[in-house]
Amino acid sequence: MDTIQIKDKKFAVSITEQEILREVTRVANEINRDLAGKNPLFLSVLNGSFMFTADLMKRITIPCEISFVKLASYQGVSSTGVIKEVIGINEDLTDRTIVIVEDIVDTGLTMQRLLENIGTRNPKEIHIASLLVKPDKLKVALNIEYAAMNIPNDFIVGYGLDYDGFGRNYPDIYTVVE
Ligand code: 5GP
């Protein structure tokens, strides 16, 4: 399928499954090399990163653990009004090597929030693995060591990412057609 329609928007294939898997394999190899002997704990951020996480983890060959976290928005008392709470971390992160597994870093604010939260739990080190990064949109300084692909600012779906809940199931990545 070269183009798909989701609700009011049309999308065209921009990154094929084959290209995605090539870059996911590269990132997995880098992690296998860099984090050998560290028994990393991968924290996959749901929902968007489920497909990336599955393909990445199949290629991780060093001893490791995996767990899943979620960000829940709720109205709270803050300057912005909306606070994102990290839920689902039940493990003891003390002295652990953590790898946050995200689908996409856009402004970087979500990742910053995750780093702050995980940082309070006394890990030894925190690494970031993101399937996609939109470098031109980044608002905060982040050290994204394991980025599979950089992309332009356009809105994308597929391979775990959604538009209004739909489109996560496609194996390729699609970009919105204006
Ligand atoms: P950030 O906090 O870095 O601005 O945003 C990160 C979140 O925004 C991602 O986890 C994802 O849910 C959403 N996001 C950013 N860009 C896109 C995009 O192009 N497509 C989709 N489907 N979600 C996006």
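Any read-out appearing in this document is the output of simple, stated calculations on the displayed coordinates, not a laboratory observation. Not measured: the values here are computed from a predicted model. Positions of Cβ are generated from backbone atoms using ideal geometry, with glycine treated the same way; all protein chains shown enter the neighbour counts.
The relative contact order of the chain, computed from alpha carbon pairs under 8 Å that lie at least 6 residues apart in sequence, is 26 percent. At an R0 of 25 angstrom, the distance between the Cβ atoms of E91 and D8 translates into a FRET efficiency of 0.05. When only the Cβ of Lys, Arg, Asp and Glu is charged (+1, +1, -1, -1), the dipole of the chain relative to its Cα centre reaches about 220 debye.
Between R121 and E17, the FRET efficiency estimated from the beta carbon spacing at R0 = 41 angstrom works out to 0.70.
Model label sites at M57 and L138, defined 7 Å from Cα along the beta-carbon direction, differ in position by 2.7 nm. Taking every DSSP beta bridge that has both residues in the chain, what percent is antiparallel when rounded to the nearest 5? So the antiparallel bridges in the chain amount to around 45 percent.
State the volume of the convex hull built on the alpha-carbon positions of the range 102-150, expressed per residue in Å³ and rounded to an integer.
Roughly 64 Å³ of hull volume per residue.
When its C-alpha radius of gyration is set against 2.2 N^0.38 Å (N residues), the range 86-178 gives a value of 1.19.
A viscosity of 0.692 mPa s and a temperature of 37 °C, combined with the Kirkwood radius over C-alpha pairs in the Stokes-Einstein formula, give the range 1-78 a diffusion coefficient of 216 µm²/s. When N is the residue count of the chain, what does its C-alpha Rg come to as a fraction of 2.2 N^0.38 Å? Against the compact-globule rule of thumb, the ratio is 1.04.
For the range 1-107, the residue among I89, Q18, L71 whose Cα projects farthest onto the positive side of the dipole built from Cβ charges is Q18. Which residues does the label zone of A36 cover in the range 50-68, counting backbone N under 11 Å from a point 7 Å along Cα→Cβ? Residues 62 fall inside that zone.
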